[in-house]
1. Could you list L256, L245, L135 in order of exposure, starting from the residue whose Cβ has the fewest other Cβ atoms within 10 Å?
2. Apply the membrane-span-like helix rule to the chain: whole DSSP H runs, Cα extent along the own long axis of at least 30 Å, mean Kyte-Doolittle hydropathy at least 1.6. List the helices found.
3. Return the calculated 222 nm mean residue ellipticity for the chain, to the nearest 500 deg cm²/dmol, obtained by summing -39500 (n - 2.57) across DSSP H runs with n ≥ 4 and dividing by the residue count.
4. If amide H atoms are built 1.01 Å from N in the plane of the peptide, which residues on other chains or at least 5 residues away come under 5 Å of the amide H of I347?
5. Restrict the search to segment 247-295; then list the trypsin sites (Lys or Arg not before Pro) that DSSP places in a loop and that have at most 10 other Cβ atoms within 10 Å of their Cβ.
6. Where a Cα-Cα gap under 12 Å defines reach, which aspartates and glutamates qualify for K326, not counting those fewer than 8 residues away within the same chain?
7. State which entries of K307/K361; K458/K478; K421/K492; K287/K422; K73/K197 exceed 23 angstrom in Cα-Cα distance in the structure shown.
8. Please list, in chain and number order, the residues 5+ apart from S263 or on another chain whose amide H is under 5 Å from its amide H, with Hs placed from the backbone.
Amino acid sequence: MKENISSTEQRILLFSVFILSLCGITYELVLGSLATYLLGNPVMQYSITIGVFLSSMGLGSYLSRFFKKNLLKTFIQIEVLLGFIGGISIIVLMGLFSFSASYYMLHVFFLVLIGMLVGLEIPLLTRILRHYGALKDILSNVLSLDYIGGLAGSLLFPLVLFPFLGRLLTCIVIGMLNIVVALVIISKMEYRGKTIKDYIFPLGSLLLLIVILLFSSNITKIMQKKLYYDDIVFSKRSKYQQIVLTRNSSDFRLYLDGSLQFSTFDEYRYHEMLVFPSVSLNPSNKKKVLIMGGGDGLAVRELLKRKDVSSITLVELDNEIVKLAKFNSSMLRINKDSLRDKRVKVIVDDAYNFIKKRGVKFDVIIADFPDPHDETITKLYTVEFFMLLKRRLAKCGIFVSQSTSPLFASDAFWCINNTMKKVFPSVIPYHVFIPTFGDWGYNMASMCNLKEMKVNEKDVSYRYFSSKSFEFSKFFTKDMDYRKTKINTFNKPILYTYYLKGWRNTDY
């Protein structure tokens with residue numbers, strides 16, 4: 001390359017540092033979030049992703065010493081290669097997910113390859129810029145812009161890119177941005193050996209990514225068909241999760257981030273046993289009920305069958321779930337338009353934020369949260385959260401929480417039970433067999449003695465629940481009987497490790 005770089009060319013290269021850092025951190029975040037989505041355990045997946053990615057960047061920085069000629073042209077080729085590989089990475093990984101062993105090997109391969117290419121960027125740019133000004137000034141400018149670009153990428157991904165584009169489009173757009181940087185450098189800077197042919201590789205790669213972008217919706221449908229056996233009738237990426245509703249004949253199934261939430265074949269078993277034991281035991285004739293989670297409206301549907309329920313407050317984090325429950329024709333048939341009932345008030349908020357505020361006390365509080373498969377959700381099963389809940393319970397109020405499977409994740413189930421006992425003097429565990437889920441458990445707690453309360457079935461057309469079925473549900477066989485566990489706290493969230501260990505050891 002030429003010995004002197006103009007101030008305009010220097011600004012172009014320095015601005016590219018900012019853009020490339022933004023792109024690099026985004027690739028890392030996308031790959032980490034995909035591994036978490038497909039495999040769960042975000043702490044492990046992000047730890048592995050960050051560790052492998054950073055070490056690969058170190059490898060790239062080391063390898064940069066072996067590039068000695070035509071540095072600017074080499075840098076351009078690296079950018080194009082990085083843009084194309086990064087752009088197609090999510091498509092390839094999702095396409096191979098059904099082959100679990102191959103998937104993780106390929107996941108690490110992309111981390112190493114992309115990380116190595118990202119690691120090559122800064123050393124090469126620094127050497128290119130060394131002809132302009134003192135080394136201390138060059139390093140200061142390059143590293144400052146590199147860190148600022150990393151901050152920009154780490155903010156853009158969760159706030160803008162992921163919520164509005166999703167993983168697939170984010171990777172394609174960021175890949176295109178890498179290639180555009182290369183094209184700008186080709187067109188605006190002079191370097192040894194520059195010819196019109198230098199445009200072929202970046203333009204060809206950019207064109208391929210544009211084609212993939214244009215057909216991204218079709219690609220997404222193909223990917224989803226590989227993840228779900230049944231026909232997809234609704235699919236949307238919300239701010240928090242991927243929402244998919246499938247249909248197989250008369251059986252509808254709702255999935256959140258790939259995890260089954262219900263099947264219409266047997267969901268009544270789950271929801272009746274979630275709702276009616278606590279409502280039937282509570283002595284109030286005008287029950288105020290709080291449901292946290294359950295934005296699909298199915299638990300609300302069951303509660304509305306009871307005339308002694310005077311009001312229902314539903315707190316759901318994801319507004320897209322609420323919209324699905326209120327406006328999707330299939331969901332309206334399933335939940336019987338429960339969220340529009342005059343007794344129901346829907347609040348879109350985080351359950352933790354809602355419950356820590358002082359307000360109305362409830363006779364029954366129902367937690368229909370996802371399973372505690374990561375630290376974020378685990379906080380909803382901690383001593384601290386249960387103490388906040390106790391404050392919102394009326395006299396002899398009852399709290400019940402779905403508590404995963406006592407058979408497949410016994411330690412997790414009993415951890416929730418033991419944690420509740422640290423807050424409530426009376427705790428009753430019970431369970432029910434649900435064909436699509438397996439054996440599923442709940443924990444019910446109160447400041448009053450639950451064993452002294454009598455079940456009041458009322459005149460309701462239950463399909464599964466009864467005083468007899470409830471009594472039977474409190475019996476645990478030896479393979480899932482009580483276990484002593486550690487207590488789940490905000491500071492030491494042990495629950496999700498119990499949960500992952502339990503489900504990892506089963507092929508169910």
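Derivation of every value follows stated rules applied to the coordinates shown; laboratory data play no part. As the structure is a prediction and not an experimental result, all values here were calculated from the model. Cβ sites come from the backbone with ideal geometry, for glycine too, and all protein chains shown count toward neighbours.
1. Starting with the residue having the fewest Cβ neighbours, the order is L135, L256, L245.
2. Span-like helices in the chain: 71-95, 100-129, 162-188.
3. -17500 deg cm²/dmol
4. Distant-sequence amide H within range of I347: L314, V315, E316.
5. K286
6. Cα-Cα hits under 12 Å: D296, D337, D341.
7. Exceeds cut-off: K458/K478; K287/K422.
8. HN-HN under 5 Å from S263: empty list.
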